[in-house]
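The values are calculated or read from the model by the stated rules, or taken from the named source; none is laboratory data. No experiment lies behind these values; they were computed from the predicted model shown. Using ideal geometry, Cβ is built from the backbone for each residue, glycine included, and neighbour counts are taken over all protein chains shown.
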Amino acid sequence: MMKFEQSIMINRPVEGVWEFMFNPETGYYKEWRQTSEGPIGVGSTLQTVRQFLGRRQIGNARVAEYVPNRMLALQISVGPITAQTRYTFEPVEGGTQLAQTTDIELRGWWKLITPILSPLLEKDGRDEFANTKRMMEVPA
């Protein structure tokens with residue numbers, strides 16, 4: 001099991017960061033679509049698409065916790081990888097403190113390459129957060 005935690009301050013209000021993060025055209029998951037009926041909430045299912053190691057990765061996610069503009073937790077499955085990730089949005093002086101905690105488990109022979117994948121996954125998360133900050137703080 002791998003565990004990653006990261007946090008970044010973004011000079012924008014919580015509502016704007018929340019909207020940006022989960023906008024399928026601009027956000028953290030470059031593509032996603034809801035695969036369940038009704039409004040997004042606990043139990044909703046999603047299909048996500050991200051780039052990792054130059055490859056398009058398609059995953060299935062289930063919303064485990066959901067408090068608009070405060071917290072979203074997902075259970076994600078991408079091939080031999082399962083992850084539980086939680087995003088929190090905290091209003092702070094001058095903007096939003098965005099934090100993410102992710103637990104990742106590899107199955108099968110993928111467990112053997114944990115020492116190689118772990119730093120790559122950690123860097124990928126840091127880069128995505130830095131990119132989100134950069135894009136959110138571009139002057140209008």
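Of note:
- Pairing residues of region 1-18 that are surrounded by 13 or more Cβ atoms within 10 Å (Cβ to Cβ) with residues that are of a type in the set (Lys, Arg), at Cβ distances under 7 Å and at least 6 apart in sequence or on separate chains, gives Gln6/Arg126; Ile8/Lys133; Ile10/Lys133.
- Extreme residue, farthest from Ala83 (Cα to Cα), among residues of region 17-39 that are modelled with pLDDT of 90 or more and touching a strand residue (DSSP E or B) at 6+ places or on another chain (Cβ under 8 Å): Val17
- Comparison of Thr101, Thr85, Thr96 shows that the only residue that is touching a residue at least 40 places away in the same chain (Cβ under 8 Å) and surrounded by 16 or more Cβ atoms within 10 Å (Cβ to Cβ) is Thr96.
- Scope region 104-121; condition part of a helix (DSSP H, G or I) and surrounded by fewer than 16 Cβ atoms within 10 Å (Cβ to Cβ); matching residues: Gly108, Trp109, Trp110, Lys111, Leu112, Ile113, Thr114, Pro115, Ile116, Ser118, Pro119, Leu120
A quick yes/no check of all residues on (1) within 22 Å of Met135 (Cα to Cα); (2) out of contact with any helix residue (DSSP H, G or I) (no Cβ under 7 Å at 6 or more places or on another chain); (3) part of a loop (DSSP other than H, G, I, E, B):
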position	(1), (2), (3)
Val17	yes, no, no
Phe20	yes, no, no
Asn23	yes, yes, yes
Gly43	no, yes, yes
Val49	yes, yes, no
Ala83	no, yes, no
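- Flag for Ile76 being surrounded by fewer than 16 Cβ atoms within 10 Å (Cβ to Cβ), in a strand (DSSP E or B) and not charged (D, E, K, R): no
- Which numbered condition Asn69 fails, given (1) in contact (Cβ under 8 Å) with a residue 24 or more places away in the chain; (2) surrounded by fewer than 15 Cβ atoms within 10 Å (Cβ to Cβ); (3) not in a strand (DSSP E or B): (2)
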